[in-house]
Every structure is written in C-alpha cells, then in structure tokens.
Amino acid sequence: MKNIRFLIEYDGTNYHGWQEQNLAISQKNIITIQGMLQEKLKAITGADVKVIGSSRTDAGVHAFGQVASFLTDSYLEAEVLQRALNSLLPEDIRILNAEEVNETFHPRYDAVSKSYFYLISNMSISSAFLYRYAWRVRHRLDLDSMKEAGSLLYGRHDFSAFRGAGCGAKTTERYISFFNIERLERIDFMTAGLRGDFIKIRIEANAFLRYMVRNIVGTLVDIGRGKMAVHAISDAFELKDRRKTGPTAPATGLFLEAIKY
C-alpha cells in the first residue's frame, strides 16, 4: 500500500468547496474538489480511493497550496499519477507535485500551520478580471484602524465568536502566529499591472475554524468602515458571541496559500 501526497492548486469558483458531501438526489450535480479528484483517480487506478485534504476550503475559495494524500495499491508511480490526473482534470485544478510518503503521513493532523490571504478591491469600479478573486468594498477603509484591530489577533485565543454555523471542531482555541494587512496600488495579472486600491490580509495559524478567516475579514472591514470599534476583536474573545462580530466576507477573495509540516 502506497501513500501518495499531492500539492494542489485550484480556482474554487466552479466548485462547492473541497469536501465531498452526502447529497440529496436533487443535488447530485454539485461538484467538489475532493469528489473530482476521487472520480479521476478511480478512472486511472480502477479503484475507489479516499483523498484526504489538509484544509476543507469552502465553496468558492481558491488554493495555491492545498495538500492532500491517498492510499493506493496501484503500481503507478507518483509522477505518473500526477501526469495522468492533470490530463483528466478540468483546467482549473492542477496537481503541482506528487510524491510517495510514509504511510503514517496525514495532511491535516501532521500540519504545523496553515496560511491564508484575502484580497479586497477597495474601489467603486474594479477590474473586470478580479470579480472572481477579490471582494469589492466601495467604502474607503481606514487601514490604520484595521491594522490596530488585527494586532489583537496574535497569540492563542478562543475564536468562538468567529466560528461559522455547522463547525464541528472539538475546541475553539486557535493560535495565530502571523497577521499582516497592507494596501497595494497594483496587482500583477497576466503580464499586465492592474492599478487601483487593493488591500491584502494574510493570516497564519496552527488551524482554523469554519469560516474563521472570512469572519475575521468581515469584522475588520466593519472596523475599517467605522461601523465597529477597534476593541471589537478583544470584546469578541471575551464574549464568545458570533452576533458581536462582523459579517462573513465572500469566499471570492480567499486563498489557501500554504501548509507547513
């Protein structure tokens, strides 16, 4: 039995998230990244496999560095499986690397940290090429207030107030090791420089709760708009009440950047 690890990149626009779901008959046309990989691997190996991902990204969320693995009896080498998969997968899912690893490796449980970044287009008119990859916020955001609030995220806290409905995590404590927010005047895209007013938020933690990054971003945007005070972050840790934090930011602007082991 071989354990094959993949590094995967995908545009999540056309998918109902990473995780395959138990769907009603009327919903069987819903496609997930995990389901797509398992379908194509069965076509290649002739066997059902369970692909385990490091992060269960939500519907519409993108990834530069998703890590996944699966056990197989196939005689095919990892590099051959990579080429075969890329020939069958849609163009918006790519296997960037494949390797055989120890059978004990687990993409989720062995991860030391995960990093995400979020893009905001802080303009009334945004590029036609960014609607899939950035949240357009027309109201001018106060970056200094957002930075001050973001600094309160560092360290170990109870993120109950930033957890989405349906989260099955056993504990709501998470440790944020890195947070950065910056304003950008240009984003490079297809050799062209898209000029404008962009905000990039990057967060790294030991793990994340469901919708945690998107709820943090939504809260920071409300702080940037002056709708919430800077101390709303520390209040949220104390009150543990989702109703006291901001809205869930759209999935569009969220990217799984990297997993560290």
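Taking residues in the range 237-250 that are without any contact (Cβ under 8 Å) to a residue 40 or more places away in the chain, and partners anywhere that are of a type in the set (S, T, N, Q), the pairs with Cβ atoms closer than 6 Å and at least 6 places apart or on different chains are Gly246/Thr219.
Filtering the range 45-72 to residues that are open to solvent by 40 Å² or more (accessible area, probe 1.4 Å) and either within 23 Å of Gly12 (Cβ to Cβ) or part of a strand (DSSP E or B) (or both) leaves Lys50, Ile52, Arg56, Ala59, Phe64, Leu71. If you filter the range 25-44 down to residues that are part of a helix (DSSP H, G or I) and free of Cβ contacts under 8 Å to residues at least 12 places away in the same chain, you find that the one that is surrounded by the fewest Cβ atoms within 10 Å (Cβ to Cβ) is Ile25. Considering (1) within 18 Å of Glu257 (Cα to Cα); (2) touching a strand residue (DSSP E or B) at 6+ places or on another chain (Cβ under 8 Å); (3) surrounded by fewer than 17 Cβ atoms within 10 Å (Cβ to Cβ), the lone condition that Thr172 does not fulfil carries the number (1). All conditions but one from (1) free of Cβ contacts under 8 Å to residues at least 60 places away in the same chain; (2) closer than 20 Å to Lys114 by Cβ; (3) not β-branched (Val, Ile, Thr) apply to Lys147; the one that does not is (2).
Residues in the range 90-137 that are over 15 Å from the mean Cα position of the chain (by Cα), open to solvent by 40 Å² or more (accessible area, probe 1.4 Å), under 20 Å from Arg202 (Cα atoms) and in contact (Cβ under 8 Å) with a residue 60 or more places away in the chain: Val112, Tyr131.
The values are calculated or read from the model by the stated rules, or taken from the named source; none is laboratory data. Since the model is a prediction, treat every value here as computed from it, not as a measurement. All Cβ positions, glycine included, derive from the backbone under ideal geometry; neighbour counts span all protein chains shown. These area figures cover heavy atoms from the full protein model, side chains too; ligands, DNA and RNA do not enter into them. Shrake-Rupley method; radii C 1.70, N 1.55, O 1.52, S 1.80 Å.
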